[in-house]
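Have a look at the structure below, then the notes.
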Amino acid sequence: MEELLRQIAEYRKEILAAVPDGAGALEAYRIRFLGTKGIVKSLFNEMKSVPNEKKKEFGLILNEFKQLAESTYASWKEKLGDGIADGTSAIDLTLPADRLPVGSRHPISIMRNNIIGIFQRLGFAVAEGPEIEDDWHNFTALNLPEHHPARDMQDTFYIHQHPDWLLRTHTSNIQIREMEKGRLPLRIVCPGRVYRNETISSRSHCFFHQLEGLYIDENVSFADLKQTLYYFVQEMYGGAVKIRFRPSYFPFTEPSAEMDISCQICHGAGCNVCKYSGWLEILGCGMVHPKVLENCGIDPDKYTGFAFGMGIERLALQKYGINDIRLFSENDTRFLQQFTSAI
Ligand code: 2NL
């Protein structure tokens, strides 16, 4: 009897420490403890050798031991899952993992990065600035007269609590801030989001993206402007692209021009994208107005410069043949995932 109790205590310890690592090990446990020739069975067979007055006490201990062996088996069977008979693990670690959806660059980011890359190869640095701007850096320094329509409450988002603040209407504020730092020469491109109080439609939105450029040094001429922009479109659209300049007006440049490229769809023959003109307008540009230089503490008799600005959405619409500007900000993955392979 004493010897049997000692054995049961040993087996209890073994059961409590058992960690079967797969269906094979669990089956070995079952055969060892619960099988027809297993430990539980053989201990019950020992009952006959126990003195009668001790049989009740031994029976209780034995039954408790049997329950421990059975419940341990049941809980491990549940943990490992059943129906696996390969003798290893219920979890197949060699199976490939579930696929995660791969994200993609936003078409506006792709376009912006391409443009930046071209100007960086020409020695332009990238500058950024605040989207909430004061009247000076967004309008006054840029030679926009006080009653210019762009300053109208109708066209610009003002910050109610601070009437001098507004959401920038172009990224020129960055260039003003860079010029005010007084480090010349200056050769920068300025990408960013801008805001205008427009009715949202397929062609206009209350926010969009611009990229402006500025080059200021001694003896910078309109010829430098033309050659820089010609290099840009050749890199962007290929060597066969043609350009033309049309006179225009901006308060911050003089002279000012719009630049067109030969239509990338019909190559000048005429189609509905270029409205049968053979040309697509891609940017505005000009020589920085002497007043703007003065406003930023730069001597217009010593320094000259050119500037240009383009709308990134407009270029992306043209490049990818998209007909609705709202698609860029709706976050519809059916639209966005079409750009997964476009860098
Ligand atoms: C357009 C035209 C333009 C500029 C932006 C600029 C900035 C400074 C001084 C002078 Cl600080 N000019 N920027 C110049 C000409 C045109 O943008 O159509 N943008 C979408």
>> Need the list of aspartates and glutamates near K291 for cross-linking: C-alpha distance under 18 angstrom, and skip anything on the same chain fewer than eight residues off.
In response: D135, E146, E178, E180, D217, E218, E254, D299, D301
> Taking K319 as the anchor, which lysines have their alpha carbon closer than 28 Å to its alpha carbon, excluding any fewer than eight residues away along the same chain?
Replying inline: K226, K242, K275
> If you keep only loop residues by DSSP, which trypsin sites (Lys or Arg not before Pro) in segment 36-68 have at most 11 other Cβ atoms within 10 Å of their Cβ?
Replying inline: K37
>> 5 Å is the cut-off here: which amide hydrogens, built 1.01 Å from N in the peptide plane, fall below it relative to K242, excluding neighbours closer than 5 in sequence?
In response: S262
>> Expected output is a single nm value to one decimal: the length gained when fully extending between V50 and H160, i.e. 0.36 nm times separation in residues minus the C-alpha distance. What is it?
In response: 30.1 nm
>> At R0 = 51 Å, how high is the FRET efficiency between R121 and S201 if r is their beta carbon distance? Nearest 0.05 is fine.
In response: 0.90
>> In the chain, if the dipole is taken from +1 on Lys/Arg beta carbons and -1 on Asp/Glu beta carbons about the Cα centre, which of F339, Y158, Q67 is farthest to the positive end?
In response: Q67
> For segment 63-219, what is the charge dipole size about the Cα centre, in debye to the nearest 20, if Lys and Arg each add +1 at the Cβ and Asp and Glu each add -1 at the Cβ?
Replying inline: 440 debye
>> Tell me which chymotrypsin sites (Phe, Trp or Tyr not before Pro) from segment 239-343 have a DSSP coil assignment and no more than 16 other beta carbons within 10 Å of their own.
In response: Y276
> Taking the chain as a Gaussian network, Cα atoms linked when under 10 Å apart, which of R193, R121, R168 shows the biggest mean-square fluctuation?
Replying inline: R121
>> So with the 1.4 Å probe, I'd like the accessible area per residue for the chain, rounded to whole Å².
In response: 57 Å²
> Going toward the positive end of the dipole of segment 151-285, with +1 on Lys and Arg Cβ and -1 on Asp and Glu Cβ, which of G239, N173, N197 do you reach last?
Replying inline: G239
>> At 222 nm, what value in deg cm²/dmol follows for the chain if DSSP H runs of at least 4 each add -39500 (n - 2.57) and the sum is divided by all its residues, to the nearest 500?
In response: -11500 deg cm²/dmol
>> What is the percent carbon and sulfur in the accessible area of segment 86-204, measuring with a 1.4 Å probe over the protein chains and ignoring ligands?
In response: 53 percent
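The values are calculated or read from the model by the stated rules, or taken from the named source; none is laboratory data. In this text the structure is predicted, and so the values were computed from the model without any measurement. So basically every Cβ, Gly included, is an ideal-geometry build from the backbone, and we count neighbours across all protein chains shown. The accessibility values were calculated without ligands, DNA or RNA, using every heavy atom of the protein model including side chains. Shrake-Rupley method; radii C 1.70, N 1.55, O 1.52, S 1.80 Å.
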